[in-house]
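Below: the structure, in structure tokens.
The values are calculated or read from the model by the stated rules, or taken from the named source; none is laboratory data. Fair warning: this is a prediction, and the values are worked out from it, not measured in the lab. Cβ sites come from the backbone with ideal geometry, for glycine too, and all protein chains shown count toward neighbours.
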């Protein structure tokens, strides 16, 4: 599978398709260690060498499972990213409960927002311990929406220092919005951003701010949430399909069905087109898709390799379903 260099740090090579490990943290349903390891094996066998995780995913379970699945492989052959900003604090008083943030794990820890220098160092130390890896390659600030000041003035300088020391290789921010990511691109010394859900076949808000800024500043964009949390994940969306992790509104569902119909008329499918569309922008270095089973990995790779007619994009633009590039 093709690898793409993060522009300002050519030593970091991201495969065009990345493995999102949130399901390794039992997102929405429990999975076995063996099931998740088989997903990593299937991805590896098909050339995926970029793996993304976070302490948030299953209160550290995703990091532990991903590290276990990768540990026996040559360390220089793959790239791992994780995130900082949510410290995991022991919470024995809630250990009998289930994590309230969508992960099927015991709530034996709680998340504490912390974008201070000390918080960044402690978070990264915890990630290294959980993964059992000798290094983390890429570190993102995780959802700093309500913490711009501390994230920009404390967390970023701490990560820059670690990058300059060679402890990590690239730094960035990962969010579900594009305006603040654009601020990080324009106002801080980061290498890449992870943009979830804001540049997809269904919505292209990032075309107005983030993507032009990324091109101008030579910052790579990793696209996540390419299916808009489920709405674009099937050939035809189900009536109960989700958008932004909630029931999709009727008008958005109708719009998605219209997109699907046009995709079908051009001999492709909605999820195949969703994966292909985000790769058409020069700023996009990789697309990360959440994978939890071997079958999901194989299906995602098949979709990613599908040939998409070039005339599909103008057809969607003409129908008012796709924004023209600025």
Subset of region 207-227 [more than 15 Å from residue 140 (Cβ to Cβ) and in contact with a helix residue (DSSP H, G or I) (Cβ under 8 Å, 6 or more places away or on another chain)]: 209, 213, 217, 226, 227
The listed residue being surrounded by fewer than 24 Cβ atoms within 10 Å (Cβ to Cβ), modelled with pLDDT of 95 or more, within 20 Å of residue 141 (Cα to Cα) and more than 14 Å from the chain's Cα centre (by Cα), out of 64, 9: 64
Residue list for region 236-251, restricted to those being over 20 Å from residue 262 (Cβ atoms) and within 23 Å of the chain's Cα centre (by Cα): 242, 244, 245, 246, 247
Output for region 17-49, where each listed residue is assigned to a loop (DSSP other than H, G, I, E, B), in contact with a strand residue (DSSP E or B) (Cβ under 8 Å, 6 or more places away or on another chain) and surrounded by 18 or more Cβ atoms within 10 Å (Cβ to Cβ): 21, 26, 48, 49
Yes/no for residue 226 being in a loop (DSSP other than H, G, I, E, B) and either on the phi < 0 side of the Ramachandran plot or over 18 Å from the mean Cα position of the chain (by Cα) (or both): yes
Scan of region 144-174 for residues that are touching a strand residue (DSSP E or B) at 6+ places or on another chain (Cβ under 7 Å) and outside any helix (DSSP H, G or I), ordered by number: 144, 145, 147, 168, 169, 170, 171, 172, 173, 174
Selection status of residue 308, in a loop (DSSP other than H, G, I, E, B), touching a helix residue (DSSP H, G or I) at 6+ places or on another chain (Cβ under 9 Å) and either at pLDDT 95 or above or surrounded by fewer than 20 Cβ atoms within 10 Å (Cβ to Cβ) (or both): yes
Qualifying residues in region 236-255 (those that are touching a helix residue (DSSP H, G or I) at 6+ places or on another chain (Cβ under 7 Å) and under 24 Å from residue 314 (Cβ atoms)) - the one surrounded by the most Cβ atoms within 10 Å (Cβ to Cβ): 237
Only listed residue being at pLDDT 95 or above, touching a helix residue (DSSP H, G or I) at 6+ places or on another chain (Cβ under 8 Å) and closer than 22 Å to residue 41 by Cα, chosen from 298, 281: 298
Residue list for region 81-100, filter: within 21 Å of residue 122 (Cβ to Cβ) and in a strand (DSSP E or B): 81, 82, 83, 84, 86, 87, 88, 89, 90
Test: residue in region 244-252 that is touching a strand residue (DSSP E or B) at 6+ places or on another chain (Cβ under 8 Å) and either under 22 Å from residue 14 (Cα atoms) or assigned to a helix (DSSP H, G or I) (or both): yes
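This table checks each residue for (1) touching a helix residue (DSSP H, G or I) at 6+ places or on another chain (Cβ under 7 Å); (2) buried (at least 21 other Cβ atoms within 10 Å of the Cβ).
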{"residue": "111", "(1), (2)": "no, no"}
{"residue": "123", "(1), (2)": "no, yes"}
{"residue": "145", "(1), (2)": "yes, no"}
{"residue": "157", "(1), (2)": "no, no"}
{"residue": "171", "(1), (2)": "yes, yes"}
{"residue": "182", "(1), (2)": "yes, yes"}
{"residue": "189", "(1), (2)": "yes, no"}
